[in-house]
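Notes to accompany the following structure.
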Amino acid sequence: MDCIFCKIANGTIPAKKLYETEKSLAFLDAFPLAQGHTLVIPKNHYSKIQEMSKADNLDLFDTVQVMAAKLESISSSCLVAIHNGKESGQEVPHVHVHLIPRKASDGAGPVHSMFTKRPSLGSDEINDICNMITGTK
């Protein structure tokens, strides 16, 4: 497999490792958006979070929690972000969680600032969406 994160996990490509468990790895992002920008990955390859085993999922988010606490040495706040599929902005098709220390002066804004074309939904459309997601009619 030609996955850069799998190569980092198996040691083929070096990375600035910050924390590691049997199932997860946290390392500094090679192209940081802020000082301390960290990626947390499962060592097993999964493209999307819904493909992950329960054990890998639990370990990944335990590692996210540990690293979020460690990043408080840089900033009291951090953005926790997952792009889950190509259309969501995922550039590497391997599950990864971004932990990005935030400061009021960083100019990034809230997640809602990313979307300039928001839908205007009526109650019938909202009900239809709810039914599609839950599988009810």
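The reciprocal of the average 1/r between distinct C-alpha atoms defines the Kirkwood hydrodynamic radius, which for the stretch 22-137 equals 16.2 Å. With a simple spin-label model that places each label point 7 Å from the Cα along the Cα-to-Cβ direction, the separation between H112 and A55 comes to 4.2 nm. Bridging of K17 to aspartates and glutamates at a Cα separation below 14 Å is possible for D29, once same-chain residues fewer than 8 apart are set aside. Judged by the mean number of other Cβ atoms found within 10 Å, the most tightly packed of the peptides 14-20, 63-69 leads the ranking 63-69, 14-20. Extending 7 Å from the Cα toward the beta-carbon at both T12 and K48 defines two label points whose distance is 2.5 nm.
For the cross-link pairs K7/K86; K16/K117; K7/K117; K43/K103, the ones whose C-alpha atoms lie over 27 Å apart are K16/K117; K7/K117; K43/K103.
Within 10 Å, count the other beta carbons around each residue, average over each peptide in 119-131, 77-89, and list them highest first.
By packing density, highest mean first, the sequence is 77-89, 119-131.
Remark: relative contact order (the chain) = 22 percent; criterion is Cα-Cα distance under 8 angstrom and separation of 6 or more residues.
If you fit an axis through the alpha-carbon atoms of helix 123-134 and take the longest principal axis of the Cα set of the chain, what angle between them do you get, 0 to 90°, nearest 10? Relative to the chain, helix 123-134 is tipped by roughly 50 degrees. Calculated mean residue ellipticity, 222 nm, the chain: -8000 deg cm²/dmol, from DSSP H runs (n ≥ 4) at -39500 (n - 2.57) each, averaged per residue and rounded to 500. What is the stretch 1-40 by shape, rounded, prolate or oblate, if you read a ≥ b ≥ c off the alpha carbon gyration tensor as root eigenvalues and call it rounded for a/c under 1.5, prolate for a/b larger than b/c, and oblate otherwise? Taking the square roots of the gyration eigenvalues as a ≥ b ≥ c, the stretch 1-40 is oblate.
First measure r as the distance between the Cβ atoms of E125 and E87, then evaluate 1/(1 + (r/R0)^6) with R0 = 22 Å and state the FRET efficiency to the nearest 0.05.
So the FRET efficiency works out to roughly 0.60.
Axis of helix 54-70 versus longest Cα principal axis of the chain: the two differ by about 70°, to the nearest ten degrees.
Between D62 and Y19, the simple spin-label model (points 7 angstrom out along Cα→Cβ) gives 1.2 nm.
Rule-based calculations on the coordinates, nothing more; no lab input. Note that this is a predicted model, so its numbers are computed, not measured. For neighbour counting, all protein chains shown are included, and Cβ atoms are generated from backbone atoms with ideal geometry for every residue, glycine included.
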